[in-house]
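Inspection log for the structure reproduced underneath, given as structure tokens.
Here, each number is a calculation from the coordinates, and none is a lab measurement. Treat the numbers as computed from the prediction; the structure is a model and nothing was measured. Every residue, glycine among them, receives a Cβ derived from its backbone with ideal geometry; neighbour counts consider all protein chains shown.
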Amino acid sequence: MEKFITEKQKVIDEIESRLMTFDLSEIGKLTGVPFGLYQRFFSYMYDITIFSYVRKRKLTISASKLLLGEWSVTTASLECGYEDSSSFSRAFKELFQVPPSAITIEQFEKFQFEKISLSNLSNKPQKATLVSVEYPTIQEQYLIGITTKKYPGKVGAGLWEMFWERNLNEKLYHLAHQTKTLDDYIAIGHMSDFENSNSLGKEYMIGRLFHDIPSDIGDFEVKKLESIQLVHSKIEGKSMDDIIDGAYALTSDIANKNGYEIDYSQFFWMEYYNNESFGSVNENPNKLVLDFYMPCKKVVVESGGIQ
């Protein structure tokens, strides 16, 4: 995880170098990672959303400027991007427990929000661990199931609830059995289009994979998956949230160490849910395992060779 943390520290440094004017939309260009996806592992790594981090850092800088007499409350509110002094004062008091006009050195030292640095993250306890990794190339397949395109009001857990309530897992199981493509898993969660999402992909799909499209799929939707190189990781943790939040960081880090990189040009995130993924089925409910798949590609060195 050290390489992953080091690379992400560069983003923190860039944000800090122009904190008051930094536009979060720039993160996609800086990292090559869709912003919605970046937010997800930022929260995992730093235990705070990127929006909250920037807001608290701005308020901390403004507090120091007020103490030094370099800024007025009006200037501080404008520099921090608030519409008016009242909004700024409310946010300021939420962090420092006193209004801007009453800030003291003692209050500042007690409540200031310090810059995230590599030194205070390298020993951060990991809530999830990597069990194994491999780099398969899948052939053309079809994911059949339900998506947020058809049910836009059902996101994440809501779509899963519908999946179970309507016994769609059993219907897909029978379809797979008929086409002789039955694999040992319960369901697949497929996420894509992270550009405008706060967490899950804008397009989220739950279903099963098929080599061919069955003759009668009813109301199910179909998504074609092209032949592609993937990184497949098994992630272990005490809860599904810990596993999912840590999966990207752990998977991308090991891929880089093995001479691969995540392919964002055709990025998606796929989770395989099997018996190991559910505490009610698993013999050890405090030790869950989940399979993740993401597109990747071999790193090409500048000389033209393959690493």
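Among the residues of segment 254-272, just one is of a type in the set (Asp, Glu) and either crowded, with 20+ Cβ neighbours inside 10 Å or in contact with a Ser or Thr (Cβ under 7 Å, 6 or more places away or on another chain) (or both), namely GLU271. For segment 150-189, the set of residues classified as basic (Lys, Arg) and in a loop (DSSP other than H, G, I, E, B) consists of LYS150, LYS154, ARG166, LYS180, listed by residue number. Residues in segment 64-87 that are free of Cβ contacts under 8 Å to residues at least 24 places away in the same chain, buried (at least 17 other Cβ atoms within 10 Å of the Cβ) and closer than 17 Å to ALA102 by Cβ: TRP71, SER77, SER85. Scanning segment 9-63 for residues that are touching a residue at least 60 places away in the same chain (Cβ under 8 Å) and β-branched (Val, Ile, Thr) returns ILE12, VAL33.
Each residue in segment 29-63 was checked for being touching a Leu at 6+ places or on another chain (Cβ under 8 Å), among the basic types (Lys, Arg) and crowded, with 19+ Cβ neighbours inside 10 Å, and 2 pass.
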